[in-house]
Amino acid sequence: MQVICYDHHFNTNEWFILISLFIGILMILFLPKRFSKKETCVFFMCGVFTGFVFDHTLSVLPVIYYVINDRSSFELMDFFSHVMYGPFSYFFFYLYDLINIKPRFSLVYILVWAFVSVGIEKICERIGVFHYEHGYTIYYSFVIYLMVVSLWVFFYRVINKYGDNQY
Amino acid sequence: MILAVLALLAWLVLIVFAIVPTGLKLVEILFLYFLIGIFTITIFTILDVNLQWVPLTRSVEGSFAMYICRFILIPFQILLAVCVLYSHLRAKWRWLLYLTILAFLCLEDRLYLWAGLISFQKWNEFYSFLMYGVSMVLMWWITRWFIGLDKGEVNKTCK
């Protein structure tokens, strides 16, 4: 299998991932706590898992829609770029809880976050974290973000209501 | 056909998971599912794309079948094994059930091989057995840590 290679150097995309991950984790640690430790872990992991699912579905064969970072093979920096979704999802749940969004305003909140996500992805694409292939564009990502963020809202409600129930 | 077979298998695993009392809270189950999912996806990708020890099929039906394996079949069976290991059953029964689930995972590997979903290049059933066995025990240890995470914590959140 042929490995697609865009770059060999440790440059902007790697620094972007490491710095944003570092800042994200610092913010999680120093923001006033709103969730229990378990909930914090779950909200963090929710983002990481979502990143893994979509990136390992859309960026692997049979059709590679985008290549993450320098090469199409899985690298350590790819792993960090997935972990980068963790602080992102945590802030999503944090703000949702902080602002205490009513269900009827959830759709507005989802739309705002979909735009924020597209904005961040655009930056990532410019600096070489994502390399689109086979006609994939950021507009497809927008639809995916709308779906994912909607699922997160549902997930938040489930955790809030049933999180402490034993099964 | 393999897509339907694996969907049926996944459904059976979900039925067992829904019936068996796990003894875990929803928040713990979700955390474990995320963790096991990430672990499974990473191992699959490294073995397939990087090392090419276990290349996956590139057919569309086969790929969808493998998504079912990666996201439902394997994670939920590992989750079941973790629940068994964490349960209050006698040690003998816990390890027996653990070995049964392990045997099922290895048998499913045979099924993937038979259907041409995967092929073993520098890999064999024994390595699979070891990988599943070690990952279950690892997840069990992480579960023990995670369950004890909030113990003794008074509600310190600023809600």
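The values are calculated or read from the model by the stated rules, or taken from the named source; none is laboratory data. Remember, it's a predicted structure, so these values are computed and weren't measured experimentally. Reconstructed Cβ throughout: ideal geometry from the backbone, glycine too, with neighbour counts over all protein chains shown.
Overview of results
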{"quantity": "Those residues of segment B:28-41 which are closer than 24 Å to A:I68 by Cα, at the interface with chain A (Cβ under 7 Å from one of its Cβ atoms) and either outside any helix (DSSP H, G or I) or not aliphatic (A, V, I, L, M) (or both), in sequence order", "calculated": "B:F34, B:G37"}
{"quantity": "Condition check for B:A115: in contact (Cβ under 8 Å) with a residue 12 or more places away in the chain and small (G, A, S)", "calculated": "yes"}
{"quantity": "Of all residues in segment B:6-27 being part of a helix (DSSP H, G or I) and facing chain A (nearest Cβ under 7 Å), the one that is farthest from B:L80 (Cα to Cα)", "calculated": "B:V27"}
{"quantity": "A:Y109 vs. criteria at pLDDT 90 or above, among the aromatic types (F, W, Y) and surrounded by 17 or more Cβ atoms within 10 Å (Cβ to Cβ)", "calculated": "yes"}
{"quantity": "Segment A:29-46, residues that are crowded, with 17+ Cβ neighbours inside 10 Å and within 14 Å of A:F88 (Cα to Cα)", "calculated": "A:T40, A:C41, A:V42, A:F43, A:F44, A:M45, A:C46"}
{"quantity": "Helices (runs of 4 or more DSSP H) wholly inside segment B:60-159 that include at least 2 residues being among the β-branched types (V, I, T) and away from chain A (no Cβ under 14 Å)", "calculated": "B:74-86, B:91-114, B:125-147"}
{"quantity": "One residue from A:G135, A:G86, A:G119 being small (G, A, S) and closer than 18 Å to A:M45 by Cα", "calculated": "A:G86"}
{"quantity": "Selected residue (criterion: surrounded by the most Cβ atoms within 10 Å (Cβ to Cβ)) from residues of segment A:47-101 that are among the charged types (D, E, K, R) and touching a Cys at 6+ places or on another chain (Cβ under 7 Å)", "calculated": "A:D70"}
{"quantity": "Residue selected from segment B:43-59 under the condition within 7 Å of chain A (Cβ to nearest Cβ) and within 17 Å of the chain's Cα centre (by Cα), by the criterion surrounded by the fewest Cβ atoms within 10 Å (Cβ to Cβ)", "calculated": "B:I46"}
{"quantity": "Any chance A:L76 is among the hydrophobic types (A, V, I, L, M, F, W, C) and over 30 Å from B:I46 (Cβ atoms)", "calculated": "no"}
{"quantity": "Test for A:S117: is it farther than 30 Å from A:H8 by Cα, surrounded by 13 or more Cβ atoms within 10 Å (Cβ to Cβ) and small (G, A, S)", "calculated": "no"}
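A quick yes/no check of all residues on (1) within 14 Å of chain B (Cβ to nearest Cβ); (2) of a type in the set (S, T, Y):
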residue	(1), (2)
A:E121	no, no
A:V129	no, no
A:Y136	no, yes
A:N165	yes, no
